[in-house]
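Student: Take a look at the following structure, please.
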Amino acid sequence: MDKLLINTLQTPCFLLDEKELGRGINEFYRSLKRHFAHCIVGYSVKTNSLPYAIVKAKDFGCFAEVVSDDELDLALECGYKMNEIIFNGPMKSKARFLDALKRGAIVNIETHRELAWLKELPSDGLYKIGIRLSVNISDVSLEDAEGENDFSRFGFNDETEEFSNALETVRSIPHVELVGLHIHRTSHSRSVRFYKRSVAYAASVIKKYHLDLDYLDVGGGYYGIFRNAPTFDDYVATIYESLQKQGLEKLAIIVEPGNALTASSFTYYSQVIDVKQLPDCRILTTDGTRNDIDPFFHKNGYMTEINRANESGQVVPLQIVAGATCLEYDQLFRLENQQEMEVGDVIEYKNVGAYTLSLTPMFINYFPRVYSLSSDGLKLVRDKWTAKEYIQKSNI
Ligand SMILES: Cc1ncc(COP(=O)(O)O)c(C=O)c1O
């Protein structure tokens, strides 16, 4: 990013690139519309629950894909109508579940208790539901699986009698109609081959039970921007071909891309606040923390760019970039045989919008600022959370 603009940011902070978010959503829609008359891109709220991003995703044409009462309320607060919401997951409360069905949300059933609640819907209405089919990646596409038994704890399993029993329950309620199948799995490989096979599996189940559906919800799990990675066109063409083979290409398609839309839309900025010399290395303490961009502490690298005030410093053997907590292991990356960094230098971490802002713990430092950049310029879309926000709802 432009150096002048970087200098206006108060670090540590995230920056949302609105154009990039819009690009991803538009490209996914363009790919889907090439093949399908009816399609929905659901913004996966869990992947990035920044309210401003949720609102922007709606502006760009997304539905909100939510998996809890809190996420449902958040999407409604952000301006989505109930019939612009896809309500997934096993954690729906009875009240929200019934309300969402009555008000036209796309609801994909996950649990036995939801099946039981269906019986409480007023019999003078007609209620449309979807159901989640459990997908074992090892059975469907071994090459894309983690191990020999990459099962899912979500959805109803068709190897046991769970799926057929669930169908029977639904069919026994005259005012409830099964209109959709949900098959979300994120495979380790995110390969196109996995979608070819998982959609073929879904199609075989649709045929086996003679289901007359309106939609197939393929879920998320796609690559975003990486070079040499599959494109949205590649995924969608494969989904279409798998359905076409079974004469199911007229189904509406729902996708719920998380990573693919949000990762590349967010950058994180931190600044060197202190430099210490150890016998073997320089420690660069920064005001950002690994908690913000790697809350599970499992990443082994970042896409970084370093903005130095002084471009002519000497090259030093080893510098370690460390974070703003008191954890010894809050270390982000190493610079070997590179020009020394100084207090005030800014580090840019790209591609960090997925499962970061929604998972950041409030450990030592509360939520950082978030800016957004659009054709209107730079604006602050969430101020830093302070003790005031942290303390709210506490009785002290
Ligand atoms: C139901 C559902 N849909 C979509 C997603 C988004 O997945 P990804 O970020 O791999 O695209 C998830 C992620 O856990 C999910 O559980």
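The values are calculated or read from the model by the stated rules, or taken from the named source; none is laboratory data. On a predicted model such as this, the values are computed, not experimentally measured, just so you know. Heads up, the Cβs are rebuilt from the backbone with ideal geometry, glycines too, and the neighbour counts pull from every protein chain shown. These area figures cover heavy atoms from the full protein model, side chains too; ligands, DNA and RNA do not enter into them. Shrake-Rupley method; radii C 1.70, N 1.55, O 1.52, S 1.80 Å.
Student: So what does Tyr329 come to for accessible area, using a 1.4 Å probe and Å² rounded to 10?
Tutor: Number for this one is 130 Å².
Student: Among the lysines, which fall within straight-line cross-link reach of Lys33, defined as a Cα-Cα distance under 26 Å, with same-chain neighbours fewer than 8 residues apart omitted?
Tutor: Within reach: Lys19, Lys46, Lys56, Lys58, Lys81, Lys128, Lys196, Lys207, Lys245, Lys250.
Student: What FRET efficiency comes out for Ser375 versus Gln10 if R0 is 22 angstrom and r is the Cβ-Cβ distance? Round to the nearest 0.05.
Tutor: 0.50
Student: With every protein chain kept in the model, how would you rank Glu389, Glu77, Glu241 by accessible area, 1.4 Å probe, largest at the top?
Tutor: If we order Glu389, Glu77, Glu241 from most to least accessible, we get Glu77, Glu241, Glu389.
Student: When the scattering of the chain is computed by the Debye formula from its Cα atoms alone, each counted once and equally, what is log10 I(q)/I(0) at q = 0.09, 0.11 Å⁻¹?
Tutor: Here log10 of I(q) over I(0) equals -0.61, -0.86.
Student: Hey, another quick one. Could you work out the local net charge near Ile6, counting Lys and Arg as +1, Asp and Glu as -1, over the other residues with Cβ closer than 10 Å to its Cβ?
Tutor: Neighbour charge sum, excluding Ile6 itself: -2.
Student: With every protein chain kept in place and ligands, DNA and RNA left out, what is the accessible area per residue of the stretch 36-257? Probe 1.4 Å, answer in Å².
Tutor: I get 43 Å² per residue for this part.
Student: Based on the Cα atoms of the stretch 36-257, what semi-axes does the equivalent ellipsoid have, where each is the square root of 5 times one gyration tensor eigenvalue, given in whole Å with the largest first?
Tutor: 25, 23, 16
Student: Counting only Cα, what are the radius of gyration and maximum Cα-Cα distance Dmax of the stretch 199-292, in Å?
Tutor: 22.7, 71
Student: Using unit Cβ charges (K, R positive; D, E negative) and no other charged atoms, how large, in debye to the nearest 20, is the dipole of the stretch 36-257 about its Cα centre?
Tutor: Dipole of the stretch 36-257, to the nearest 20 debye: 320 debye.
Student: Moving to a separate point now. Counting only protein heavy atoms and a 1.4 Å probe, tell me what percentage of the chain's accessible area is made up of carbon and sulfur.
Tutor: 49
Student: I would also like to ask the following. Which whole-Hz couplings ³J(HN,Hα) result when phi for each residue of the stretch 369-380 is put into the Karplus expression 6.51 cos²θ - 1.76 cosθ + 1.60, θ = phi - 60°, listed in order with x for Gly and Pro?
Tutor: Per residue, the Karplus-derived 3J(HN,Hα) values read 5, 10, 10, 10, 10, 9, 5, 7, x, 9, 9, 7 Hz.
Student: Using 0.36 nm per residue, how much length does the chain from Glu340 to Ile273 gain when fully extended, once their Cα-Cα distance is taken away?
Tutor: Fully extending the segment from Glu340 to Ile273 adds 22.7 nm.
Student: Return the FRET efficiency for the residue pair Ala116, Ser204: r is the Cβ-Cβ distance, R0 is 35 Å, and the value is rounded to the nearest 0.05.
Tutor: Using R0 = 35 Å, I get an efficiency of 0.80.
Student: Hey, any idea what Rg/Rh is for the stretch 51-140, computing Rh the Kirkwood way over Cα pairs?
Tutor: 1.01
Student: Could I ask something else about it? Which sequence of Arg132, Arg23, Arg369 reflects their accessible areas, 1.4 Å probe, from the largest down?
Tutor: Arg23, Arg369, Arg132
Student: At 0.36 nm per residue, minus the direct Cα-Cα distance, what do Glu162 and Thr285 gain on full extension? Give it in nm, one decimal, please.
Tutor: 38.9 nm
Student: What FRET efficiency, computed as 1/(1 + (r/R0)^6) with R0 = 35 Å and r the Cβ-Cβ distance, is obtained for Asn83 and Ala229, rounded to the nearest 0.05?
Tutor: Efficiency, from the Cβ-Cβ distance: 0.55.
Student: ³J(HN,Hα) across the stretch 218-231 via Karplus (A = 6.51, B = -1.76, C = 1.60, θ = phi - 60°), whole Hz, x for Gly/Pro?
Tutor: Values, residue by residue: 7, x, x, x, 9, 6, x, 9, 5, 5, 6, 8, x, 9 Hz.
Student: Farthest toward the dipole's positive end in the stretch 36-257, which of Val170, Ser134, Phe87, given Cβ charges of +1 (Lys, Arg) and -1 (Asp, Glu) about the Cα centre?
Tutor: The Cα lying farthest towards the positive end belongs to Phe87.
Student: Could you pull the Cα extents of the stretch 324-377 along its three principal axes, largest to smallest, in whole Å?
Tutor: Largest first, the stretch 324-377 extends 39, 30, 20 Å along its Cα principal axes.
Student: Would you please calculate the Kirkwood hydrodynamic radius of the stretch 1-56 over all C-alpha pairs and express it in Å, rounded to one decimal?
Tutor: 13.7
Student: If I stretch the segment between Gln331 and Asp2 completely, what's the gain in nm (0.36 nm per residue apart, minus their alpha carbon distance), one decimal?
Tutor: That works out to 115.8 nm of additional length.
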